[in-house]
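Reading through the structure tokens given below for one structure.
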């Protein structure tokens with residue numbers, strides 16, 4: 001019995017050192033050497049200032065910017081420490097109320113008369129999605145062009161330039177990173 005207890009204790013200590021110390025250290029070193037930008041959060045910098053991460057959505061609400069998906073991380077939107085979906089089913093009144101509020105906000109901002117793409121009125125599973133569909137970006141082009149006093153064609157060109165294709169050509173759908181697109185708009189106008 002004492003021999004078994006000693007063996008179990010040694011295995012526990014060895015596995016704790018291996019899986020709690022050595023393995024995380026090796027993975028961290030490999031990540032920092034092979035993928036340093038991704039391992040450090042895929043941060044977007046402008047000069048010396050960090051403007052955000054290309055992996056986490058940002059709260060944009062001014063009419064001169066493209067708006068991303070809704071964030072389900074209340075009470076502070078896009079809080080990575082509180083990542084979660086809303087868990088509202090399709091018949092839940094809260095989902096309908098949130099979607100209707102967003103539709104009203106989009107139409108009030110100058111997008112009336114169009115069918116609103118679903119990704120502009122619903123949150124993603126994490127509540128942090130930094131991307132919108134090309135259709136959601138196209139939906140917002142007239143508002144952005146009017147607010148920035150740009151031609152719709154110039155705004156569409158930027159949307160096209162910042163549209164990312166499927167991963168490896170087959171995974172997922174085309175998407176637009178809202179933060180990168182908004183930064184490009186600011187650069188284009190010298191803001």
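Between the helical axis of 178-189 and the longest alpha-carbon principal axis of the chain there is an angle of about 50 degrees.
Only one of (i) 16.7; (ii) 19.5; (iii) 17.6 was calculated from the structure for Kirkwood radius over Cα pairs in Å, and its label is (ii). Of the residues 131, 76, the one with the fewest other Cβ atoms within 10 Å heads the list, and the complete ranking is 76, 131. Across the chain, Cα pairs under 8 Å and at least six residues apart give a relative contact order of 19 percent.
Normalising by residue count, the stretch 1-40 has a Cα convex hull of 41 Å³ per residue.
Run through the DSSP bridge list for the chain and note the antiparallel percent, rounded to the nearest 5.
90 percent
Given their separation in residues at 0.36 nm each and the Cα-Cα distance between them, residue 48 and residue 17 gain 7.3 nm when the chain is fully extended. Residues 157, 119, ranked from the fewest to the most other C-beta atoms within 10 Å, line up as 157, 119.
Panel order for 1, 15, by other beta carbons found within 10 Å of each beta carbon, from fewest to most: 1, 15.
In this rough spin-label picture, where each label sits 7 Å from Cα along the Cβ direction, the residue 31-residue 4 distance is 3.9 nm.
Can you give the helix-only mean residue ellipticity at 222 nm for the chain, where every DSSP H stretch with n ≥ 4 adds -39500 (n - 2.57) and the sum goes over all residues, rounded to the nearest 500 deg cm²/dmol?
Value at 222 nm, helices only: -13500 deg cm²/dmol.
Between 0 and 90 degrees, the angle of helix 93-106 with respect to the longest Cα principal axis of the chain falls at about 50 degrees.
Comparing mean-square fluctuations of 37, 180, 143 from a GNM of the chain with C-alpha springs under 10 Å, the top value falls on 37.
Readers should treat all values here as calculations from the given coordinates under stated rules, not as data from a laboratory. Owing to the predicted nature of the structure, the values given are computational and were not obtained by experimental measurement. As a convention, Cβ positions derive from the backbone with ideal geometry for all residues, glycine included, and neighbour counts pool all protein chains shown.
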